[in-house]
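Bear in mind these aren't lab numbers, they're just calculated from the coordinates by the rules spelled out. Please read all numbers here as calculations on a predicted model, not as lab measurements. Methodologically, a virtual Cβ is constructed for each residue, glycine included, from the backbone with ideal geometry; neighbour enumeration extends over all protein chains shown.
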Amino acid sequence: MNPLKQRIVLLGPPASGKGTQADRLAQEFVTPHVSTGALLRSECERGTPLGREADAWTCKGLLVPDELAVRIVATWMQENGPRFLFDGFPRTVEQAKHLDTALAAIEAPLDLVILLQISDEAIRQRILNRLSCLKCGATFSTSLHGIAEGQACSRCGAPLVRRKDDSAEALEQRLKVYRELTLPVVAYYERTSPAILHRIDAGMGSDAIFAQLSTLLTTL
Ligand code: ADP
């Protein structure tokens, strides 16, 4: 199916389901899913200078500097063009302004900004039970899927791990960073482009969320 919306930003706290939903939407609508967190983890795994720089921040649950996040997204857009589903970008007002400027320069403004909302308690439950595949980005719940660290990812076969920043300590830091730096991004879009901003209850089941997102992507 062809989406009408081609430039989409998914906002939400850690574990609100941005990655899972972006993955499903990318498969359904063939719009590239771009997770800045996954791009940074991949640099880190490959031991690149950018990856080493990023790791110092990400493992503590802190954001990497805006300049680094903007650089990684600009490189991606140069290579892939202005069709995307951003998951984890922009995460600060500064990044949102950079994105607006870059898109204005090519006369290709954002089509949709979607905020996935969920309580802190539900986030803690999800993250502390979460195992991730660093190769394909799939995530699994130890309680829901009955799996353990080191088991093979059912999608690509790589070993499942607990992300370094999925510890209780780093999570509290990430929630604090989200409240202080990313919630203002929602206020920024409320002010600059309220018509494209939509909120979804991310406490619903994955299929119900996907159905609502699909409607947003395919209606004018
Ligand atoms: P989650 O949404 O579950 O917290 P992500 O995979 O989106 O995880 O991001 C993991 C980490 O990568 C973040 O905590 C942060 O350190 C870094 N990161 C990702 N995107 C950005 C960004 N746009 N700006 C700054 N840091 C980022």
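If a helix is a whole DSSP H run, which ones in the chain reach 24 Å or further along their own axis (Cα) and hold a mean Kyte-Doolittle hydropathy of at least 0.0?
The answer is none, since no helix passes both cut-offs.
Under a cut-off of 13 Å between alpha-carbon atoms, report the aspartates and glutamates in cross-link reach of LYS176, not counting same-chain residues fewer than 8 places apart.
The reachable aspartates and glutamates, counting only those whose Cα sits under 13 Å from LYS176, are ASP120.
Suppose every K and R has +1 on its Cβ and every D and E has -1 on its Cβ; what is the size of the dipole of the chain about the Cα centre, in Debye to the nearest 20?
About 260 debye.
What FRET efficiency would be calculated for the residue pair SER119, THR215, taking the C-beta separation as r and a Förster radius of 25 Å, to the nearest 0.05?
That pair, SER119 with THR215, gives E of 0.55.
Could you order the peptides 152-161, 88-97 from most to least packed, using the average number of other C-beta atoms within 10 Å per residue?
88-97, 152-161
By the scheme Lys and Arg +1, Asp and Glu -1, what is the net charge of all other residues having a beta-carbon under 13 Å from that of GLN21?
For residues surrounding GLN21, the net value is -3.
What full-extension length gain, to one decimal in nm, is calculated for GLU172 and LEU62 as 0.36 nm per residue of separation minus the Cα-Cα distance? Before the final figure, lay out each step's value.
On the way: separation 110, 0.36 × 110 = 39.60 nm, distance 1.05 nm.
Using 0.36 nm per residue and subtracting the Cα-Cα distance, I get 38.6 nm.
Among the Cys residues of the chain, which have no other cysteine Cβ under 4.7 angstrom away?
Result for the chain is CYS44, CYS59, no neighbouring Cys Cβ within the cutoff.
Hey, can you rank 20-32, 40-52 by average C-beta count inside 10 Å, highest first? Show your work: numbers first, answer last.
Values: 20-32: 18.0, 40-52: 14.7.
Packing proxy ranking, top to bottom: 20-32, 40-52.
Which order do the peptides 72-85, 108-121 take when ranked by the mean count of other beta-carbon atoms within 10 Å per residue, highest first?
So the peptides 72-85, 108-121, ranked by packing, come out 108-121, 72-85.
Count the lysine pairs in region 1-159 whose Cα atoms sit under 25 Å apart, keeping only pairs 8 or more residues apart in sequence or on different chains.
6
Calculated from DSSP H runs of 4 or more alone, at -39500 (n - 2.57) each and per residue, what is the 222 nm mean residue ellipticity of the chain, nearest 500?
Calculated at 222 nm, the ellipticity per residue is -14500 deg cm²/dmol.
With a bin width of 5 angstrom, please list the P(r) values of region 136-219 as percents of all Cα-Cα pairs, from the 0 bin to the one holding the largest distance.
Reading upward from the zero bin: 3, 10, 12, 14, 19, 19, 13, 7, 3, 0.
Averaging sequence separations of C-alpha pairs under 8 Å and six or more residues apart, then dividing by the length of region 108-167, give the relative contact order as a whole percent.
Answer for region 108-167 is 29 percent.
For HIS145 and GLU45, what is the calculated FRET efficiency with R₀ set at 22 Å and r taken between the beta-carbons, to the nearest 0.05?
About 0.40, to the nearest 0.05.
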